[in-house]
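All of the numbers you see were taken from the coordinates with simple rules; none came from a lab. Note that the coordinates shown come from a computational prediction; the quantities given were computed from them, not determined experimentally. Reconstructed Cβ throughout: ideal geometry from the backbone, glycine too, with neighbour counts over all protein chains shown.
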């Protein structure tokens, strides 16, 4: 999957704050992502994040 830093991810599961949108801060074996609703940052394994992705938005354009 082609995911880059600053991409916006729409995930299948909702964050407790109510947001589905996340911003990618770091990529590698783990992803560091920030919730765009409340600003909470989380590090998750790549495989777990890739399974939960519904949509990727890069520079205002869906990928």
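How high is the relative contact order of segment 8-58, in percent, counting Cα pairs under 8 Å that sit 6 or more residues apart? 38 percent. Full extension of the segment from residue 38 to residue 26, taken as 0.36 nm per residue of separation minus the current Cα-Cα distance, would add 2.5 nm. With neighbours defined as other Cβ atoms within 10 Å of a residue's Cβ, the residues 20, 31 order from fewest to most as 20, 31. Exposure proxy shown here: for 19, 47, the number of other Cβ atoms within 10 Å sets the order, fewest to most, as 47, 19. Among [x] 41, 28, 17; [y] 39, 23, 15; [z] 27, 25, 18, find the value of Cα extents along the principal axes in Å that was calculated from the structure presented, and write down its label. So the calculated entry is the one marked [z].
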